[in-house]
Amino acid sequence: MAESGSNCGPNQINSANGPATTAQERSLVNTTSFSTIHMVLFPAAQEYFAKAHERSTLLQTQEDVHAYYKLITTGTRCYEAVLHERIPPYVECMAALWYCEALFMEARGSTEVEEVLNKAIALAVRNNLLDLKFTLLHLSIRILASTNMKAALRLLAQCLKEVEVWSMPTWIYTFQCLKATMLLSARDFSGTLATLKPLYSCSSSEVRYLALLISSTAALRQGTTTQARDFLADALQSETDYARKYVPQLIVMRIFNEALVSLMIGEHSDTEQKLKSLHNTLDNTQTDSIGRWTGWNDDGSFMIQLPRDSNNVSCVPLKFNWISQAQLLTLSYLLSGIVHLHTSFEETRSSPFFAVGLKFVDSELAGTMAGKPPSLSLKQAAERKEFYLAAKCYFNIYICLERFIRQDWNAECLSNLVDSARSVPGNRLTDANTLIIYLAGLYFQATGKLKSALEAYNQVIVQSSNTPGSDLSTLAKMATVVIYRGNIVSNTAKADEMAYFLDQHIATKSNRSIQVAWSLISAVNKLSLDGGRDVVKLISPLLKATADIANSHLTPVILYLGVAAFTDREQREQTATTAFLSAKRTRDVLWCWITGQLVSDMMKLNGKELAAEQQKELNNQLYPLAASLLNTTVGFK
């Protein structure tokens, strides 16, 4: 939603209150015949709100909440008192605006808001206070959108037509951005892109830049990574020195989205480079005397300056909301850990990012973070808490993935994940729920509970039915094929039917990692059917592909398959030894044991009894750890 201080995810940005009023409107005030009580009560109201917002993240008891609302109520009564005085039209409109904003942000559902706003809008129209009129309408649209999105969009369309007639570029940009963020929050991605298209050619480089960034976000949510990358490339061309120096949020947003695009299509090395660029940007961002990024407020708001209009009138700045500095740092820890998962065969790359990020989240939730607490409304504080609860869940998701990559199938991390997911209110984890079920399927499959694994994978496929081309659905189908081709829950007909679909589908996917994984599964099946006669043709391309995606985990598996491609015993032993050494380099205990067994057998066939016995002793040492990783010894030794 497009409202002041809303708690948005990393891929949302909101137009926040519209432009401020101009000096020309303020000059209409004739204070000699009106009360001047607002000169005392306006600052007093702001002081009450500021005192309340300073403690919003530290409320623990009902008494604390009561004290908070006492301050808010006193502040709103200051505005209410001004409205009961004989005051200039401009002052009355401002008092109504701030009064309704306070009721909307702090109380919600107040029956007074609509009546007061409509009266203020009519007053602004009678006195030709155009900027104030549209500021009040901007608030009306945001309030209406919270209960009736269609009606809010109709009112917004009327406002857009009017500001276009008046040729008011500031308000044209503001309402177009408001419409785009409303559509984005409603998951109308094509509507978002259509709304933003006129802004690609606007006179303001910063507005054009922001429009392209929001477009890349919409494309990412749609899953069209190629289109998202094109928008980001165009945004980079619009990047200015002004944005780099004074609007760091835009630069960070671009780099962040670039990293997401690279991650989504499996270009891990490129993602790492983008993250390094992100951290360099954050390190070089201008800071103020207390160490905060300039122009980066607690509520995530920032300003974009507009160039002068055709009449040489200086346009007021546009105000937008994104996310706070602390939220960005949280997401940086999470994304940095995710990027290193593909090489996380030991706890030296992704684990530190997840551990520090989780500690940071816990400190934010507990209110023990360093520095001054953020100044937020109670609603903003609640949304901030939801953000961190959701972030904690995502950290636990990827901690599970990290452990599973290392074949650590301990149920504790899965239990922690389920507990953290239950603590997240509302529908904030709609997309993550499917991933959690997929992880449960992985756990069941790895620990021999294949029927439970199939049930979990089927849930993933069903829940992803409304998302064509879902990577999770593809992965669940791949895992299902592997299970059905096994000996325990064998179903060759279903496996072949699903494999035929995947052959057609995966060839069109842009995710290189999924393509390589499916090629490996297909090679295993081919090996079982023809005894490895044609496997030799697959090994070299597979090894090259794993190098391209920087996935060293698959190398020992591919080499293990490659042993069957050779008839010469020495070549078979050499390939098996290479597979063993590759597994050893990646600290993959399970595949060290599997390939070590093969090396021992090959050495024995080649008459190397002493070397075979030494390898066997090493295998025996590895066996207890390898067996514990699977939590089962049935059929393993």
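Of the set (1) touching a Leu at 6+ places or on another chain (Cβ under 6 Å); (2) surrounded by 13 or more Cβ atoms within 10 Å (Cβ to Cβ), all apply to LEU475 but (1). Name every residue in the range 471-519 that is in a loop (DSSP other than H, G, I, E, B) and in contact (Cβ under 8 Å) with a residue 60 or more places away in the chain, in order of residue number. Result: SER510, ASN511.
Considering the range 415-432 alone, what residues qualify as being open to solvent by 60 Å² or more (accessible area, probe 1.4 Å) and either modelled with pLDDT under 90 or touching a strand residue (DSSP E or B) at 6+ places or on another chain (Cβ under 6 Å) (or both)? Passing the criteria: GLY426, ASN427, ARG428, THR430, ASP431. Can you name the residue in the range 445-469 that is more than 30 Å from ALA627 (Cβ to Cβ) and in contact (Cβ under 8 Å) with a residue 12 or more places away in the chain and is also least open to solvent (accessible area, probe 1.4 Å) among such residues? Only one residue tops the list, namely SER464. Checking the range 366-375 against the condition returns no match, with no residue being under 30 Å from ASP548 (Cβ atoms) and over 15 Å from the mean Cα position of the chain (by Cα). Note on the range 190-205: residues that are in a helix (DSSP H, G or I) and open to solvent by 20 Å² or more (accessible area, probe 1.4 Å) amount to 8. Inside the range 561-594, can you point out the residues that are assigned to a helix (DSSP H, G or I), over 28 Å from GLU272 (Cβ atoms) and either open to solvent by 60 Å² or more (accessible area, probe 1.4 Å) or in contact with a strand residue (DSSP E or B) (Cβ under 9 Å, 6 or more places away or on another chain) (or both)? If the condition is that a residue be assigned to a helix (DSSP H, G or I), over 28 Å from GLU272 (Cβ atoms) and either open to solvent by 60 Å² or more (accessible area, probe 1.4 Å) or in contact with a strand residue (DSSP E or B) (Cβ under 9 Å, 6 or more places away or on another chain) (or both), then ARG569, GLU570, GLN571, ARG572, GLN574 are the ones that fit.
Applying the set (1) more than 35 Å from the chain's Cα centre (by Cα); (2) of a type in the set (A, V, I, L, M, F, W, C); (3) open to solvent by 50 Å² or more (accessible area, probe 1.4 Å) to ILE539 leaves exactly one unmet item: (3).
Considering the range 116-150, the residues that are of a type in the set (Gly, Ala, Ser) and at pLDDT below 95 include one that is surrounded by the fewest Cβ atoms within 10 Å (Cβ to Cβ), namely SER146. Considering the range 94-115, the residues that are within 19 Å of PHE49 (Cβ to Cβ) and outside any helix (DSSP H, G or I) include one that is most open to solvent (accessible area, probe 1.4 Å), namely ARG108.
Counting the residues of the range 277-326 that are open to solvent by 40 Å² or more (accessible area, probe 1.4 Å) and either modelled with pLDDT of 65 or more or over 23 Å from GLU383 (Cβ atoms) (or both) gives 26.
The values are calculated or read from the model by the stated rules, or taken from the named source; none is laboratory data. The shown structure was predicted, so the numbers you read here are calculated from the model rather than taken from an experiment. Every residue, glycine among them, receives a Cβ derived from its backbone with ideal geometry; neighbour counts consider all protein chains shown. Heads up: the accessible areas ignore ligands, DNA and RNA and are worked out on the full protein's heavy atoms, side chains in. Shrake-Rupley method; radii C 1.70, N 1.55, O 1.52, S 1.80 Å.
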